[in-house]
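Reading through the structure tokens given below for one structure.
The values are calculated or read from the model by the stated rules, or taken from the named source; none is laboratory data. Keep in mind the model is a prediction, meaning the values are calculated, not measured. We place every Cβ from the backbone using ideal geometry, glycine too, and count neighbours over all the protein chains shown.
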Amino acid sequence: MVRFTVRLLKFGQMGEKTGWTYVLIPADVAQKLNKGVKTSFRVKGKMDSFPVKQVALIPMGEGEFIIPFNADMRRGTGKKQGAMLNLELELDKSEFVFDADFEACLDDAPDANKYFKTLAPSHQRYFSKWINDAKTEGTKTKRIVMSMNALSRQMGFSEMLREHKAKNASLNPFKGGKL
């Protein structure tokens with residue numbers, strides 16, 4: 001277990017990462033977590049007292065990594081950009097478990113399933129985690145339908161969300177396009 005304190009940072013203009021709040025993991029800490037690895041890997045532990053698992057560290061070059069600080073983490077810690085955060089992290093070797101309802105739908109849609117299997121494992125997990133994070137059964141069902149529709153048209157996760165956001169913005173310019 002590696003323990004350290006960091007300040008929550010936010011990207012300005014940074015391509016797809018523009019506006020992200022994140023935690024910078026220095027190279028020396030990343031080496032303690034997973035020696036010699038320079039590609040993305042997952043950790044578990046605590047952010048202050050908020051437990052986390054299967055959290056991806058994304059390489060940024062020069063041995064540094066970031067952890068995108070998502071809405072669940074913000075709610076769980078009560079922290080936002082500029083705040084100090086105590087981290088306790090270790091390598092998470094547990095296997096990711098895909099949402100069972102999503103897997104069942106993939107089994108019933110061979111074309112969507114075939115395309116899904118061509119995606120990088122991290123991109124496959126985006127779909128499943130997004131579906132699994134739904135707060136209600138209705139939202140979960142909508143997300144599965146949206147995912148299956150996108151996969152059957154050979155769209156990745158980010159393309160699906162951009163299309164959904166654009167569609168909702170054109171229908172109602174005052175609505176943020178959230179699902």
Test set (1) in the same structural domain as L33 (by TED's automatic domain parsing); (2) touching a His at 6+ places or on another chain (Cβ under 7 Å) - F157 fails condition number: (1)
- request: Kindly indicate the residue of the stretch 101-138 that is under 27 Å from I58 (Cβ atoms) and β-branched (V, I, T) and also farthest from the chain's Cα centre (by Cα) among those meeting that condition.
  value: T118
- prompt: Somewhere in the stretch 50-58, is a residue closer than 30 Å to T141 by Cβ and more than 19 Å from the chain's Cα centre (by Cα)?
  reply: no
- prompt: Limited to the stretch 1-21, what total is found for residues that are among the aromatic types (F, W, Y) and over 19 Å from F157 (Cβ atoms)?
  reply: 2
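Residue-by-condition table, conditions (1) surrounded by fewer than 13 Cβ atoms within 10 Å (Cβ to Cβ); (2) at pLDDT 95 or above; (3) part of a helix (DSSP H, G or I); (4) among the small types (G, A, S):
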| site | (1), (2), (3), (4) |
| --- | --- |
| W130 | no, no, yes, no |
| A134 | no, no, no, yes |
| T141 | no, yes, yes, no |
| I144 | no, yes, yes, no |
| G177 | no, no, no, yes |
task: Among the numbered conditions (1) touching a residue at least 60 places away in the same chain (Cβ under 8 Å); (2) among the polar types (S, T, N, Q); (3) surrounded by 15 or more Cβ atoms within 10 Å (Cβ to Cβ), tell me where S40 comes up short.
output: (3)
- prompt: Do you know which residues across the stretch 107-128 are in a helix (DSSP H, G or I) and either surrounded by fewer than 16 Cβ atoms within 10 Å (Cβ to Cβ) or not assigned by TED's automatic domain parsing to the domain that holds H164 (or both)?
  reply: D107, P110, D111, K114, K117, T118, P121, S122, H123
- prompt: Of all the residues that make up the stretch 59-86, how many are surrounded by fewer than 13 Cβ atoms within 10 Å (Cβ to Cβ) and within 17 Å of the chain's Cα centre (by Cα)?
  reply: 3
- request: Look at F11 and say whether it is farther than 21 Å from L91 by Cβ, surrounded by 14 or more Cβ atoms within 10 Å (Cβ to Cβ) and of a type in the set (F, W, Y).
  value: yes
- prompt: When only residues in the stretch 90-106 that are in a loop (DSSP other than H, G, I, E, B) and charged (D, E, K, R) count, which is surrounded by the most Cβ atoms within 10 Å (Cβ to Cβ)?
  reply: D99
